[in-house]
């Protein structure tokens, strides 16, 4: 890695003693499902502050059209869910975490329903279970057809709002995690944040939970909202945490392809209800790629579309949803958005293309969210627990957010209890003097929008659905060049900080993909077209090292 990426510990200069000080027991960075689940669990002991980068409802979770995977049908089994997850993960899933999460799915749904989550039901008032790509049975819980994420956020916000010791700071940008020294291995003490009205603030926390989501906006074509710029992962890297498996960006197979429009996700559940994919000649092509056809795992479907487009020269493929009865009733949100573009899914074919959707890699952590930085936990898309392996199974992400988010919150409670004084009294986090000094840059002004658009286009071109060593090496060189004049800048607003964070993520993802000389899951290289046993490991990246280390995949099933 070019030294520009490791020279700076913090994005901005500051002196901690000169800024407003806020104290809490637990701070959660991110207000999506994983963050809110963690906050609720952590609130059993002490005060909790949740940072929302935008409004409290503006997260990747709120955009989620898919559902929550859980074994609720007597004809289904946890063992089957585990097998499907392992198959999708292409040899990189850590089996104990897969077993744990799948086993806890039914209980997670039960608690959600008790909290008022409005699950879709059938005529017999039983939960209507859908089927999505990679699943061998119907086990997907939805709400209002394609509004599961929004309903989940609504339910979790109602729970957290009822807790007097949870505060949500909206429009609060976390710049960097705080450590008492710049050395790798120093503990996390909280974060320096920015609010448009209050400016810079120091938030000291005994435990910090990173729930900041993914980095889809680093790619030109993405189903993610613009806020998904990888800030949390870049912060964790600068703070010395280990990041894992960043080559694995999952590309969702079907997003609406209309020039000038955002890439609206067309839920996998649409194919689960009978929609098919057609090429430029209006012929189905998925049966030739996988026995499950349109219901194959996402990496298979995305690659099939990519290769079909290369074969036909067409700009997109077609999603034929005409066989889906009562489309507008089943998927009201998608139908409403399609109408805005003059498309009626009951009569029209829908132009679709893959887009960057979910960061499978992230901050390496255990089943309780613990990272290798003391006091720092990671959950949700910002984490890499080993659940998803090389490719996430559809609708396992919201399940992970609920199960492992709660686990991380409970782990914080246990840590606080261990650190309490002998009489059980809470111990306030102690601030330390931190000085970040950054000399002014001698270089000229930057056009941030141009840097960002160039970076995103280069990532889509070089680190997209199918990669090659020469393209990946070029991307690493481009990141190194951009770093020389972008990372030495001092910005004073989120647009600049986001761009710097995006550059960190682009470099790390390209390096991970260049190192991994094989094809596995959602990492596909045309120059290394098959899996290689030597790469059936997790690749690990940490500040201060030019090369990665590796960790073995855990293959023993959990026994408890």
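The values are calculated or read from the model by the stated rules, or taken from the named source; none is laboratory data. Here the structure is a predicted model, which is why all the values come from computation and not from measurement. Note that we place each Cβ from the backbone using ideal geometry, even for glycine, and neighbour counts take in every protein chain shown.
General observations
- Test for residue 64: is it under 10 Å from residue 209 (Cβ atoms), in contact (Cβ under 8 Å) with a residue 40 or more places away in the chain and touching a strand residue (DSSP E or B) at 6+ places or on another chain (Cβ under 9 Å): no
- At least 3 residues being at pLDDT below 95 and either outside the structural domain of residue 504 (by TED's automatic domain parsing) or farther than 25 Å from residue 265 by Cα (or both) is the threshold, and among the helices (runs of 4 or more DSSP H) wholly inside the stretch 4-121 those reaching it are 4-7, 60-63.
- Those residues of the stretch 286-334 which are in a loop (DSSP other than H, G, I, E, B), free of Cβ contacts under 8 Å to residues at least 24 places away in the same chain and surrounded by 16 or more Cβ atoms within 10 Å (Cβ to Cβ), in sequence order: 289, 290
- Unmet requirement for residue 479, which otherwise passes all of (1) modelled with pLDDT under 95; (2) in contact with a helix residue (DSSP H, G or I) (Cβ under 6 Å, 6 or more places away or on another chain): (1)
- Yes/no for residue 396 being buried (at least 24 other Cβ atoms within 10 Å of the Cβ), under 29 Å from residue 166 (Cα atoms) and outside the structural domain of residue 298 (by TED's automatic domain parsing): yes
- Once the stretch 462-485 is narrowed to residues that are touching a residue at least 60 places away in the same chain (Cβ under 8 Å) and part of a helix (DSSP H, G or I), the residue that is farthest from residue 306 (Cα to Cα) is 484.
- A residue that is within 29 Å of residue 420 (Cα to Cα), out of contact with any helix residue (DSSP H, G or I) (no Cβ under 6 Å at 6 or more places or on another chain) and free of Cβ contacts under 8 Å to residues at least 24 places away in the same chain can be found somewhere in the stretch 172-191.
- Failed condition for residue 185, given (1) surrounded by 22 or more Cβ atoms within 10 Å (Cβ to Cβ); (2) in a loop (DSSP other than H, G, I, E, B): (1)
- In the stretch 197-250, the residues that are free of Cβ contacts under 8 Å to residues at least 40 places away in the same chain and within 24 Å of residue 352 (Cα to Cα): 226
- Residue in the stretch 516-524 that is within 23 Å of residue 229 (Cβ to Cβ) and in contact with a helix residue (DSSP H, G or I) (Cβ under 9 Å, 6 or more places away or on another chain) present: yes
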